[in-house]
Amino acid sequence: DTAVSQTPKYLVTQMGNDKSIKCEQNLGHDTMYWYKQDSKKFLKIMFSYNNKELIINETVPNRFSPKSPDKAHLNLHINSLELGDSAVYFCASSQADGGGYTFGSGTRLTVV
Amino acid sequence: SQKIEQNSEALNIQEGKTATLTCNYTNYSPAYLQWYRQDPGRGPVFLLLIRENEKEKRKERLKVTFDTTLKQSLFHITASQPADSATYLCALDSGTASKLTFGTGTRLQVTL
C-alpha cells in the first residue's frame, strides 16, 4: 500500500498550458507539503497545509495554486506553465507534532 | 541569510569502511535535524531525527551527532555496503512552523 501517492509520474506539456498534480496520503498525517526539486537536485518547500489550512507559502508565483479538499489530499494546479517550471515536484506528509516526512515518488514536469 | 551546507562533492569509500557525511548550518536555531536518503528517480526517505537537546542518535548501522555549538551534524554509516550508495540529505526544522529546509545533499558511492 502506497503511503503517499502522486499522479501523474511524468508530465510533458507546452508553455502556456494549465496542469494539475494530485497527491493523496493514507497515513492519517495532519500536514501535507509540496516541494520542488530543480535540476541541481536542490529540494525547496513550496507550500505546507495543516488539516486543510495553508500554513506556508514560500514566495511561490501565484500561478501555482494548491488545493486541499480534505486532510488526506493536497493537489497542485499550475497555470500558464513556463519553461522554468520544469522540475520534479514532490508531495510529502507528516504528523503536525514533528517527525519524519513521508515523500511521494515525485512528478517530473517538463515544459517545452 | 540561513544556509545549510553539505559537501557537494561525491564521497567514495570502500565497502566495509565507515562513511561520514557532514551537515553545517548558519543563522539557524533548529529544534531538530533530520537525515534522509534519496535514490535516483525516487523521493527522499526518512532515516533519523535528532532533537536540539540530544547529542547522538543511533539506528542499526547509522549514527547521527548534533552539535548546536559548532552548528554541525555528522552522519555515520558503519560497515558500509554498495546498497548504501545514494544521496543523503540533511534537513532542519525550527519547530515554529511546518517547514523542513533541506541541504543540497551529498552523494555517497560505496565500492567493492
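If you go through the range A:89-101 one residue at a time, how many are surrounded by fewer than 19 Cβ atoms within 10 Å (Cβ to Cβ) and modelled with pLDDT of 95 or more?
Taking the range A:89-101 as the starting set, the residues that turn out to be surrounded by fewer than 19 Cβ atoms within 10 Å (Cβ to Cβ) are A:95-99.
Keeping just the survivors that are modelled with pLDDT of 95 or more gives none.
Residues meeting the conditions: 0.
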Original post:
Among the residues of the range A:95-103, is any of a type in the set (A, V, I, L, M, F, W, C) and either facing chain B (nearest Cβ under 8 Å) or within 17 Å of A:VAL4 (Cα to Cα) (or both)?
Top reply: yes
**OP:** Could you tell me which residue of the range B:40-93 is modelled with the highest pLDDT, considering only residues that are closer than 30 Å to A:THR7 by Cβ and surrounded by fewer than 14 Cβ atoms within 10 Å (Cβ to Cβ)?
**Re:** B:ALA83
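If a residue counts only when it is out of contact with any Lys or Arg (no Cβ under 9 Å at 6 or more places or on another chain), which strands (runs of 3 or more DSSP E) contained entirely in the range B:1-101 have at least 1 such residues?
Working: elements: B:3-6, B:11-14, B:19-26, B:32-38, B:45-51, B:56-59, B:62-67, B:72-77, B:86-93.
The strands (runs of 3 or more DSSP E) meeting that bar are B:3-6, B:11-14, B:19-26, B:32-38, B:56-59, B:62-67, B:72-77, B:86-93.
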Subject >> the range A:69-83, residues that are at pLDDT 95 or above and either facing chain B (nearest Cβ under 8 Å) or not in a loop (DSSP other than H, G, I, E, B) (or both) >> reply: A:HIS73, A:LEU74, A:ASN75, A:LEU76, A:HIS77, A:ILE78, A:LEU83
**OP:** Run down A:LYS22, A:LYS40 and say which single residue is open to solvent by 60 Å² or more (accessible area, probe 1.4 Å) and under 14 Å from the mean Cα position of the chain (by Cα).
**Re:** A:LYS22
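The values are calculated or read from the model by the stated rules, or taken from the named source; none is laboratory data. Small disclaimer: the values here were computed from a predicted structure and weren't measured. Cβ sites come from the backbone with ideal geometry, for glycine too, and all protein chains shown count toward neighbours. The accessibility values were calculated without ligands, DNA or RNA, using every heavy atom of the protein model including side chains. Shrake-Rupley method; radii C 1.70, N 1.55, O 1.52, S 1.80 Å.
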